[in-house]
Amino acid sequence: MFKKKVPFDKPFPEKLARRVSKIPTADLANWADQALYEVGRCLSLYEKHREKVYLDEALMGAEAVNAVISELHKRTVI
């Protein structure tokens with residue numbers, strides 16, 4: 001009868017969103033580029049060494065990319 005709402009899982013932590021919101025708009029693209037580089041580097045290291053730590057770092061980098069690009073989109077589209 002009543003449908004329970006599915007909890008929304010944020011794609012990145014609130015602390016990260018607050019930090020990204022303080023970055024000047026002109027610097028957001030550079031931050032996204034650097035975060036993408038780090039994700040690629042971590043994935044390459046994971047392929048070589050097969051250690052979980054590199055996947056953890058890649059995941060955090062991917063969350064940062066998502067947060068930065070979401071903030072850039074919010075500032076330029078709205």
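Can you tell me which aspartates and glutamates have their Cα less than 16 Å from the Cα of LYS48? Leave out same-chain residues fewer than eight positions away. Filter leaves GLU38, ASP56, GLU57. Other residues lying with their Cβ under 14 Å from the Cβ of ALA58 contribute a combined charge of -2, Lys and Arg counting +1, Asp and Glu -1. Note that segment 32-44 has calculated 3J(HN,Hα) couplings of 5, 4, 5, 5, 4, 4, 5, 4, x, 5, 5, 5, 5 Hz, one per residue in order, obtained from phi through the Karplus relation 6.51 cos²θ - 1.76 cosθ + 1.60 (θ = phi - 60°); glycine and proline are x. Of the GluC sites (Glu not before Pro) found in segment 27-60, those in coil by DSSP whose Cβ has at most 15 other Cβ atoms within 10 Å are GLU51. Taking every alpha-carbon pair under 8 Å whose residues sit at least 6 apart, segment 14-77 reaches a relative contact order of 46 percent. Annotation: lysines with alpha-carbon distance below 30 angstrom to LYS15 (same-chain offsets under eight excluded): LYS4, LYS5, LYS52, LYS74. Taking a Cβ cut-off of under 14 Å around ALA35, the surrounding Lys, Arg, Asp and Glu residues balance to a net charge of -4, with basic ones at +1 and acidic ones at -1. Loop-located trypsin sites (Lys or Arg not before Pro) in segment 12-78 (DSSP state other than H, G, I, E, B) with a sparse environment of at most 16 neighbouring Cβ atoms within 10 Å: LYS22, ARG50. Please give the net charge around LYS10, taking every other residue with its beta carbon less than 14 angstrom from that of LYS10, where Lys and Arg add +1 and Asp and Glu add -1. Once positives and negatives cancel, what remains is -2.
No lab work stands behind these numbers, since they all come straight from the coordinates. Values in this document were obtained by computation on a predicted structure and should not be read as measured data. Glycine also receives a Cβ, built like all others from the backbone with ideal geometry; neighbour counts cover every protein chain displayed.
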